[in-house]
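Read-outs throughout are calculated quantities, based only on the coordinates presented, and are distinct from any laboratory measurement. Model, not experiment: these values are computed from the prediction. Cβ atoms come from the backbone with ideal geometry, glycine included; neighbour counts cover every protein chain shown.
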Amino acid sequence: MKILSWNVNGLRAAERKGFLDLLRTTDADVVLVQEIRSQKDQLSDALLRPRGWHVELASAERPGYAGVGIYSRKKPDAVAAGIAVPHFDREGRVLMARYGKLCVLSAYFPNSGRDLARIGYKLRFMGAMLRHLDALRASGHHVVVAGDFNVAHAEVDIARPKSNVEASGFTLRERRWLDRYVKSDWVDSFREKHPEVRDRYTWWLQHSGARERNVGWRIDYHFVDRALLPSVREATIHEDVAGSDHCPVGLVLQG
C-alpha cells in the first residue's frame, strides 16, 4: 500500500492549483489531506466524486477552518471521525479509515498559535491523540497516523533551530510530547529510514523566498506503530509538488 499525506492549505484552493491532476497521476492507494477548510456543500463534484476514488471528509464546525479527508482507491471497511473528545472533534482534526487490520488516520494537530496562545490546547490534544492511538493498537490493529503535526521534533528537522528556540511548533513542551510518542513505540518513518538526512523539510513560510532557499520545517509525518515497521519499505518527501505551503509526504508498506 502506498499512502500520500498532504496539508493542502484549503481544498478548494488546491483544486485550482492542480490537486485533481495529482489524483489522476499518483500511484498512491490512499491520499490523506489536512486543512481542507471547507464544508462538503462548498466543494465541487470533481472533489467529492473523482473517478476511481472513494472520498471521506471530516469538516470543522467553524467555517473555513481545519478539517481533514481521505481519498482511497478502495472503499474502507470502516470510517470514524474524531477521537471521542467533543471539544477536539468539533475542529475536524482526525479521520480514520480501516482496511482489514490496518487503520490509517489523517490528522491535523493544532497550531500553538501566535504568542503560544493555544499551546495548552495543543498539548492536551497531543495527549488525547496518543491515548487514542494506543487504544487502537491495543485492539489488535496496525496503525499509521499521518498528517501535519505542527511540531518540528529535533534540530535536524528545522533549518534554523537556534533562532526558533521556543517558537510555536518548536517549543520544548511540544517536542517532548513527540518524545512521548516515540517512547510509546510510535515510529517516525522518515527519520527511521533516513536517520542521517538533513535539509529535508515539508513546510515553508510563504514569503521571503523561504521555499526557494529551503528555509523550512519538517512538521508533516507518517508515524507507524513499531510492530508495523518491518512492513515499511520507504518514506518520502515530495518537495517538488507545489500548490500549498506544505508538500506531500509518502509511505510505502509491503503487502
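Once each part is reduced to its C-alpha centroid, what is the distance from segment 174-211 to segment 1-79 in angstrom? Rounded to whole Å, the Cα centres lie 23 Å apart.
With each pseudo-label sitting 7 Å past Cα toward Cβ, what's the K183-H87 distance in nm, one decimal? In this crude label model, K183 to H87 measures out at 2.5 nm.
How large is the dipole of the chain about the Cα centre if only Lys and Arg carry +1 and Asp and Glu carry -1, each at its Cβ, rounded to the nearest 20 debye? Please report the intermediate quantities before stating the final value.
Details: 39 positive and 32 negative charges, 60 e Å.
My answer is approximately 280 debye.
In this simple spin-label approximation, V215 and V241 carry label points 7 Å from Cα along the Cα→Cβ vector, and these lie 2.6 nm apart.
If R₀ is 41 angstrom, what is the calculated FRET efficiency for the pair R173 and R16, using the beta carbon separation as r and rounding to 0.05? Mind showing how you got there, number by number?
Details: r = 37 Å, r/R0 = 0.90.
My answer for the efficiency is 0.65.
Could you tally the net charge around A60, taking each other residue with its Cβ under 13 Å from the Cβ of A60, Lys/Arg +1 and Asp/Glu -1?
Working: positive: R37, K40, R62, R90, R93; negative: E35, E61, D89, E91.
Taking every other residue near A60 into account, the sum is +1.
Taken over the chain, lysine pairs spaced eight or more positions apart, or on distinct chains, with alpha carbons under 25 Å apart number 15. Shape analysis of segment 1-86 places it in the oblate category; the axes a ≥ b ≥ c from the Cα gyration tensor give an a/c of at least 1.5, with a/b not above b/c. Our coupling estimate for segment 16-30, obtained by passing each phi through the Karplus curve with A = 6.51, B = -1.76, C = 1.60 and θ = phi - 60°, is 5, 9, x, 4, 5, 5, 4, 4, 6, 10, 6, 9, 5, 8, 9 Hz, Gly and Pro reported as x.
Expressed in nm to one decimal, what extension gain is obtained for the pair R131 and Y65 from 0.36 nm per residue of sequence separation less their Cα-Cα distance? Before the final figure, lay out each step's value.
On the way: separation 66, 0.36 × 66 = 23.76 nm, distance 2.47 nm.
Taking 0.36 nm per residue and subtracting the Cα distance, the gain is 21.3 nm.
Quickly estimate the mean residue ellipticity at 222 nm for the chain, helices only: each DSSP H run with n ≥ 4 gives -39500 (n - 2.57), and the total goes over all residues, rounded to 500.
Working: 7 runs with 58 residues, N = 255.
So the helix-based figure for the chain works out to -6000 deg cm²/dmol.
If the segment from H194 to R51 were pulled out straight at 0.36 nm per residue, it would be longer than the present Cα-Cα gap by 48.0 nm.
Treat the count of other C-beta atoms within 10 Å as a stand-in for reagent exposure and order T202, T171, T25 from fewest to most.
Working: T202 26, T171 19, T25 9.
So the ranking, lowest neighbour count to highest, is T25, T171, T202.
When the chain is treated as a Gaussian network with alpha carbon springs shorter than 10 Å, the biggest mean-square fluctuation among G120, G243, G67 belongs to G120.
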